[in-house]
Amino acid sequence: MTVTSKDQRSGASGGVDVDRVLGQLGQAGQFHLRVYVMVAVAVIQVGMLHTTYIFLAGSVPYRCTVPECESLNTTDFNPVWLPNAAVEGQGERCSRRVPLTQPCSADTSFSQEALACDHWIYANNNTIVAEFNLACQEWKRTLVGTIHNIGMLVSLPILGYISDRFGRKVALILSCTLVGVIGTLKAFSVSYEMYVIVEFLETIAGASTFPASYILTIELLGQDKRVLTTAFLGIVISMGGVCFALMAKTFQYWRTFILVVYPPALLFLSYIYFLPESIRWLLSKGKKKEAIKIIKRAAKMNNVTLSEETLRELTEDKPQTMEEKKEIQNEPGIWSQVMRSPIIMKRLAICSWWWITCTFVFYGLAINSVSLAGDKYTNYMLVVSVEVIGVVINALVLDRIGRKRSLLIGFMVCGVSCCAIPFVRNHIVWLSIFLYLLGKVAITQAFNGIYMYTSELFPTRARHSLLAFCSMVGRIGSIVAPQMPLLEIYVKWLPSVLFGCTALVAGLLMTTTPETLNTTLPDTIQEAEQIATRHREPHKSKEIQSTPC
């Protein structure tokens, strides 16, 4: 049996050729620009809030109080006698010496025996470390980042299901709004435990903002603008990261920062009235009447006239077969198809490793950036800013040399750079910094491209759910990443080597999946299985065999 791709796509979209409709609506009209702006604002919020723990739970200089020399509520962080009381070595901030004479002065001698500290004084109270007295409990500080990413792991499949079941718009508004409401509660935390719980709940609420934004945008555009979409959102999220660092530098006290940055998220409730739902999603779910309203409004706003054939498809009621009705009404049907498809399941496993690699290396390098020499806010802005280079590289090469080759190069360059850092770190400082930034650019390029490539490998009806699954599994990498500074204390070279090796394995796996350059987004499982055939035989793209490759 031979089935044409046009028939498949029309059947999956209520008898409407979605790609032709979107092509006639254009891609830069008033309707599209309004959507781009609203999505950009949501993505900027992601850039500002998705790594707040880097500064809010950042390390603060502290030392032991010496009750024989000062009161417990002293504010003098560097008294003249401090060098004599300090203990050298790894536990220097957790133990102290006892003065042999009093009162203490610059000439006071201290005992050689070190005592464990029971009180500390902090250089400032800008982060939760000072507020909740986390001195000498580094694991509690880094645990905040790990809890944050565990929340993402829990959140992504939930909101991915909501997106595929109830719409991209619903998932986006829900995620953007709840992250502001719940995140604001952190400012009123009275204990470390309360802060961590709210951090977890905030992440569950807001983890799907970027996936929903990305899918909503990519489903609005035709296949020739997917790379532009990816570059656009990548640059916007980098802008959000720079804004985050600027706001954190301006409002350094953590409670003030939260009360300034989080509450404005309530404004996203206005998207209920202004943000349109994905036309492709509506048609794939059989919601033809709602899709037609949006299509007609878009045509009017963009001042375009739809063809007679498109108008006929939109106005005529094509009866659905029993099989089509079952697919639309019974959501578990699509998942059973996924489970029965060895091709899709294989891709799902490979994509999951790519995501683990991207989150592990991307967030690992970002977290370590604040420990570099110099101002931590400036360092973070620098590392976030170079991400734009990776995004621009994608925009230049993804449509020229293909998705696979571009991402393969990104993973390999990152892997080699990270593995080389331990060999030059103590000998050529400038080269180690260059390799660090090169690795960050390369993993950004890979991460940015993986969003698009993963979306192109899976069908519309389960795209967000499968993308969310890959992202969820990928959170294993970002859960482990905050613990790398602790690992570095014991084995200094190991974190860089782990970053590099995972990237090299991801690059090798890139050779096992099909190229998606110049292919249309698949709407069904069958179309997704046949991507490789369509790419290898472009002259037969209008007629696809029903047997998967």
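The values are calculated or read from the model by the stated rules, or taken from the named source; none is laboratory data. These figures come from a predicted structure and were not determined experimentally. FYI the Cβ positions are ideal-geometry reconstructions off the backbone, even for glycines, and counts take in every protein chain you see. Note: areas computed on protein heavy atoms with side chains; ligands, DNA, RNA excluded. Shrake-Rupley method; radii C 1.70, N 1.55, O 1.52, S 1.80 Å.
Filtering 98, 60 for residues that are closer than 30 Å to residue 265 by Cβ, touching a strand residue (DSSP E or B) at 6+ places or on another chain (Cβ under 7 Å) and in contact (Cβ under 8 Å) with a residue 24 or more places away in the chain leaves a single hit, 60.
Provide a single number: the residues in the stretch 375-395 that are open to solvent by less than 60 Å² (accessible area, probe 1.4 Å) and either assigned to a helix (DSSP H, G or I) or in contact with an Asp or Glu (Cβ under 9 Å, 6 or more places away or on another chain) (or both). Of the residues in that region, 14 qualify. In the stretch 68-87, the residues that are closer than 18 Å to residue 130 by Cβ reach residues that are among the small types (Gly, Ala, Ser) and surrounded by fewer than 17 Cβ atoms within 10 Å (Cβ to Cβ) with C-beta atoms within less than 6 angstrom, at least six apart or across chains, in these pairs: 77/123. Here is the figure for the stretch 99-121: residues that are outside any loop (DSSP other than H, G, I, E, B) and open to solvent by 40 Å² or more (accessible area, probe 1.4 Å) total 6. Among the residues of the stretch 426-438, is there at least one that is assigned to a helix (DSSP H, G or I) and touching a Gly at 6+ places or on another chain (Cβ under 8 Å)? Checked the stretch 426-438: no residue is assigned to a helix (DSSP H, G or I) and touching a Gly at 6+ places or on another chain (Cβ under 8 Å). The criterion of being buried (at least 22 other Cβ atoms within 10 Å of the Cβ), of a type in the set (A, V, I, L, M) and at pLDDT below 90 holds for residue 398.
Test residue 95 against the stated conditions and say whether it is open to solvent by less than 30 Å² (accessible area, probe 1.4 Å) and over 27 Å from the mean Cα position of the chain (by Cα).
Here the answer is yes, as residue 95 does meet what is asked.
Of the residues making up the stretch 46-83, those that are touching a Phe, Trp or Tyr at 6+ places or on another chain (Cβ under 8 Å) and part of a helix (DSSP H, G or I) are 46, 47, 48, 49, 54, 55, 56.
Filtered by the rule that a residue be in contact with a Leu (Cβ under 8 Å, 6 or more places away or on another chain) and at pLDDT 85 or above, the stretch 483-497 gives 494, 495.
Just to be sure before I move on: is residue 150 open to solvent by 10 Å² or more (accessible area, probe 1.4 Å), in a helix (DSSP H, G or I) and at pLDDT below 90 in the structure I sent? Yes; evaluated as a whole, the condition is true for this residue. Only helices (runs of 4 or more DSSP H) whose full extent lies in the stretch 192-298 are considered here, and the ones with at least 2 residues that are touching a His at 6+ places or on another chain (Cβ under 7 Å) are 192-206, 209-220. With the condition kept exactly as written, say whether any residue in the stretch 225-236 is farther than 26 Å from residue 461 by Cβ, open to solvent by less than 30 Å² (accessible area, probe 1.4 Å) and among the aliphatic types (A, V, I, L, M). Yes, the conditions are met somewhere in the stretch 225-236. Contact map, the stretch 384-403: first residue farther than 25 Å from residue 242 by Cα, second residue open to solvent by 10 Å² or more (accessible area, probe 1.4 Å) and charged (D, E, K, R), Cβ cut-off under 6 Å, separation 6 or more or different chains; pairs are 402/515. Scanning the stretch 204-216 for residues that are open to solvent by less than 20 Å² (accessible area, probe 1.4 Å), free of Cβ contacts under 8 Å to residues at least 40 places away in the same chain and of a type in the set (Val, Ile, Thr) turns up nothing. Inclusion of residue 72 among residues that are modelled with pLDDT under 85 and either hydrophobic (A, V, I, L, M, F, W, C) or under 25 Å from residue 260 (Cβ atoms) (or both) is warranted. Kindly indicate whether residue 184 is part of a helix (DSSP H, G or I), open to solvent by 10 Å² or more (accessible area, probe 1.4 Å) and touching a residue at least 40 places away in the same chain (Cβ under 8 Å). Criteria met by residue 184.
Just to verify a result, which residue in the stretch 49-76, among those that are under 15 Å from residue 381 (Cα atoms) and open to solvent by less than 30 Å² (accessible area, probe 1.4 Å), is farthest from the chain's Cα centre (by Cα)? It comes out as 55. State yes or no: is residue 432 farther than 23 Å from residue 232 by Cβ and without any contact (Cβ under 8 Å) to a residue 40 or more places away in the chain? For residue 432, the condition - farther than 23 Å from residue 232 by Cβ and without any contact (Cβ under 8 Å) to a residue 40 or more places away in the chain - is met. Check whether at least one residue in the stretch 272-293 is among the β-branched types (Val, Ile, Thr) and modelled with pLDDT under 85, and report yes or no. Yes, some residue in the stretch 272-293 is among the β-branched types (Val, Ile, Thr) and modelled with pLDDT under 85. Summed over the stretch 493-520, the residues that are open to solvent by less than 50 Å² (accessible area, probe 1.4 Å) and outside any helix (DSSP H, G or I) give a count of 7. The residues of the stretch 401-434 that are of a type in the set (A, V, I, L, M, F, W, C), within 25 Å of residue 520 (Cα to Cα) and open to solvent by 20 Å² or more (accessible area, probe 1.4 Å), listed by number, are 401, 408, 409.
Each residue in the stretch 241-265 was checked for being open to solvent by 60 Å² or more (accessible area, probe 1.4 Å) and in contact with a helix residue (DSSP H, G or I) (Cβ under 6 Å, 6 or more places away or on another chain), and 3 of them qualify. If you go through the stretch 455-492 and keep only what is part of a helix (DSSP H, G or I), β-branched (Val, Ile, Thr) and surrounded by fewer than 22 Cβ atoms within 10 Å (Cβ to Cβ), you end up with 473, 476, 480, 489. Taking (1) in contact with a Ser or Thr (Cβ under 9 Å, 6 or more places away or on another chain); (2) at pLDDT 90 or above; (3) open to solvent by less than 10 Å² (accessible area, probe 1.4 Å) in turn, residue 189 satisfies each apart from (1).
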